[in-house]
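Taking it in order: structure first as structure tokens, then the write-up.
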Amino acid sequence: MESTQPWFTLPIPRWSDRTATAGLQARAGTTRHELILAAARRFASQGYHATSLVQVVEDCGRTKGALFFHFGSKSALGWAVVDEVHASWADLAGRIAARRLDPLQTLLVVYDAQIGRLMHDPVVQGGVRVMREDPGMQADRHKWVEGWRAESEVLLARARADGLLTADTDPAAVSTMLLSTVVGHHYLAEAQPDGPSTWERMTTTWIGLLPTIAAHPWVARWSGSGWAQRPTPTAEPYERARREGVSDRV
């Protein structure tokens with residue numbers, strides 16, 4: 001169980017498309033998940049506009065009839081992928097909050113969870129491309145990015161109120177800087193695949209940043225916690241979690 005693991009243990013996303021599947025029979029729910037996952041993989045690999053519905057149904061061995069039973073259009077399928085991005089994050093955020101960590105520890109786990117998703121979660125990778133490429137989803141893209149930044153600001157403000165940050169640390173400025181840094185790291189990691197990963201780049205950022213803004217007692221506890229040696233995420237747990245999210249409905 002998570003409570004017996006180190007506080008920085010990386011939480012892995014799980015299927016959260018519960019409302020849409022609540023009234024469906026198990027087999028229909030499985031079909032819906034397979035279609036969402038197949039679409040997300042296609043969107044991630046070749047883009048939203050270049051993906052055809054024929055490719056999606058062929059990838060998961062379903063029919064167009066099955067697809068149109070669940071999704072009336074390609075746009076509806078794209079929205080389903082994006083909705084799963086949001087829903088699975090809400091689930092992750094709840095699980096992180098249940099650990100009852102201090103605000104700075106929570107911030108670190110939140111960033112690790114988001115970065116792990118960006119690097120390896122096929123649903124997030126597909127959903128990000130949909131939000132980026134479909135003009136009708138620009139507002140949703142802003143909602144996703146701003147939600148991450150706002151969550152960071154709240155945690156930093158709590159940390160300052162609790163005496164975990166220096167008094168002159170500006171939560172709004174630091175939260176904006178952190179999100180911009182992640183975006184830059186992710187771009188560089190994709191542009192330089194033989195270089196450091198987004199995870200490795202952000203680890204270096206935290207190691208440089210936290211001693212300058214956090215209170216010395218907190219930094220000492222964090223430095224001795226083993227956080228810097230936490231394992232780099234790999235694709236397999238994310239792939240397994242998404243596959244199990246489909247198969248557990250059969």
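The values are calculated or read from the model by the stated rules, or taken from the named source; none is laboratory data. Source: prediction; values computed, not measured. Positions of Cβ are generated from backbone atoms using ideal geometry, with glycine treated the same way; all protein chains shown enter the neighbour counts.
Test ASP140 against the criterion of being surrounded by fewer than 19 Cβ atoms within 10 Å (Cβ to Cβ) and in contact with a helix residue (DSSP H, G or I) (Cβ under 8 Å, 6 or more places away or on another chain), and give yes or no.
Here the answer is yes, as ASP140 does meet what is asked.
If you take the residues in the range 203-224 that are under 24 Å from LEU118 (Cβ atoms) and touching a residue at least 60 places away in the same chain (Cβ under 8 Å), which one is surrounded by the most Cβ atoms within 10 Å (Cβ to Cβ)?
Here the answer is TRP222.
If you check every pair at least six apart or on different chains, which have Cβ atoms under 8 Å apart with a residue in the range 48-71 that is crowded, with 18+ Cβ neighbours inside 10 Å first and a residue that is part of a helix (DSSP H, G or I) and among the polar types (S, T, N, Q) second?
Correct list of pairs: ARG62/THR31; HIS70/THR31.
Looking at the range 112-126 only, could you name the residues that are under 18 Å from ALA39 (Cβ atoms) and either part of a loop (DSSP other than H, G, I, E, B) or among the small types (Gly, Ala, Ser) (or both)?
Across the range 112-126, the qualifying residues are ASP121, GLY126.
When only residues in the range 107-166 that are at pLDDT 95 or above and polar (S, T, N, Q) count, which is farthest from PRO233 (Cα to Cα)?
If we take residues in the range 107-166 being at pLDDT 95 or above and polar (S, T, N, Q), then THR166 is farthest from PRO233 (Cα to Cα).
Tell me whether the range 100-111 contains one or more residues that are without any contact (Cβ under 8 Å) to a residue 12 or more places away in the chain, in a helix (DSSP H, G or I) and surrounded by fewer than 23 Cβ atoms within 10 Å (Cβ to Cβ).
no
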